[in-house]
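J.: Right, I'll just put the structure down here and ask away after.
The values are calculated or read from the model by the stated rules, or taken from the named source; none is laboratory data. Only a predicted model underlies this, so the values are computations on that prediction, with no experimental measurement involved. Positions of Cβ are generated from backbone atoms using ideal geometry, with glycine treated the same way; all protein chains shown enter the neighbour counts.
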Amino acid sequence: MLVLLLATAVAAATGCGDNEKTSGAEGEFINVGDAVYQVQLTRLLNRGSLPDTDYLRGQPPLTSREDYLASFMTIKNDGNKPYLPPRDMKVVDTQGNQYLPIPTPQSSFGLDFLPIPPGDTAPPPDSPAGEGPDHAAMVLFRIKSESATDNLPLYLDVPQPGGKGKPASIRLDI
């Protein structure tokens, strides 16, 4: 027993073992390939209040049974080649409803699904999203209202690069 404890302590002290976290909660650092995601805030948006009007610029009206859900996140590329955030990341509720990101071309706060150079972070620090209150880029979803009220918790599933392995999963706090 003592040998097992010592081996575990040595492995932890030397950094051996799998320390790359691929699932967790909002606010935690989650690994997706060589990228590190941190969802800083997730909330429903209200078209009639600031700053949500800026976030929703150019978005069509919703039905009475829909909501806009925004996840504000940073993505750091710790790799040695460009990282492309996947457009097929999705929000999933407890009933299996799945929602893909919707384009935000008229909002300067949306995540650009463009390659992130090695060592860089999205959003860029000198961008409106990077200088905004959360210093994070918005990924916008159009969801059924019941998903945000009755079918909790919600998870953000982010595919691993090349579709290899289980997606990273981040529990959203709305």
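J.: Name the single residue, out of those in region 57-78 being free of Cβ contacts under 8 Å to residues at least 60 places away in the same chain and under 18 Å from the mean Cα position of the chain (by Cα), that is surrounded by the most Cβ atoms within 10 Å (Cβ to Cβ).
T.: By that ranking, first place goes to Asn77.
J.: In region 93-118, which residue that is more than 18 Å from Ile75 (Cα to Cα) and in contact with a helix residue (DSSP H, G or I) (Cβ under 9 Å, 6 or more places away or on another chain) is modelled with the lowest pLDDT?
T.: Only one residue tops the list, namely Ser107.
J.: Quickly run through region 59-89 and pick out the residues that are among the acidic types (Asp, Glu) and more than 22 Å from Arg171 (Cα to Cα).
T.: Just the residues of region 59-89 that are among the acidic types (Asp, Glu), to begin with: 66-67, 78, 88.
Residue satisfying the conditions is Asp78 alone.
J.: Suppose the filter is farther than 19 Å from His135 by Cα and assigned to a loop (DSSP other than H, G, I, E, B); does Thr94 pass it? Explain how you work it out, then say what you get.
T.: Details: farther than 19 Å from His135 by Cα: yes; assigned to a loop (DSSP other than H, G, I, E, B): yes.
Yes.
J.: Also, quick follow-up: Among the residues of region 35-52, count how many are under 19 Å from Ile143 (Cβ atoms) and either modelled with pLDDT under 95 or not in a strand (DSSP E or B) (or both).
T.: Residues meeting the conditions: 5.
J.: Sticking with this structure for a sec: In the set Pro101, Pro105, Pro117, Pro123, which member is more than 11 Å from the chain's Cα centre (by Cα) and surrounded by 14 or more Cβ atoms within 10 Å (Cβ to Cβ)?
T.: The match here is Pro123.
J.: Right, next: Which residues, counting only those in region 119-147, are at pLDDT below 95 and in contact with a Leu (Cβ under 7 Å, 6 or more places away or on another chain)?
T.: Across region 119-147, the qualifying residue is only Asp134.
J.: Let me ask something additional. Checking Tyr155 against (1) within 17 Å of the chain's Cα centre (by Cα); (2) touching a residue at least 40 places away in the same chain (Cβ under 8 Å); (3) assigned to a loop (DSSP other than H, G, I, E, B), only one condition comes out false. Which one?
T.: (3)
J.: Collect the residues in region 160-174 that are within 28 Å of Arg57 (Cβ to Cβ) and buried (at least 16 other Cβ atoms within 10 Å of the Cβ), keeping them in residue-number order.
T.: Taking region 160-174 and keeping what is within 28 Å of Arg57 (Cβ to Cβ), we get 170, 172-174.
Those that are within 28 Å of Arg57 (Cβ to Cβ) and buried (at least 16 other Cβ atoms within 10 Å of the Cβ): Ile170, Leu172, Ile174.
J.: Follow-up question, since we're still on this one. Please specify each residue of region 10-34 satisfying the condition of being over 22 Å from Pro118 (Cα atoms), modelled with pLDDT of 95 or more and either among the hydrophobic types (A, V, I, L, M, F, W, C) or in a strand (DSSP E or B) (or both).
T.: Listed by number, the residues that qualify are Ser23, Gly24, Ala25.
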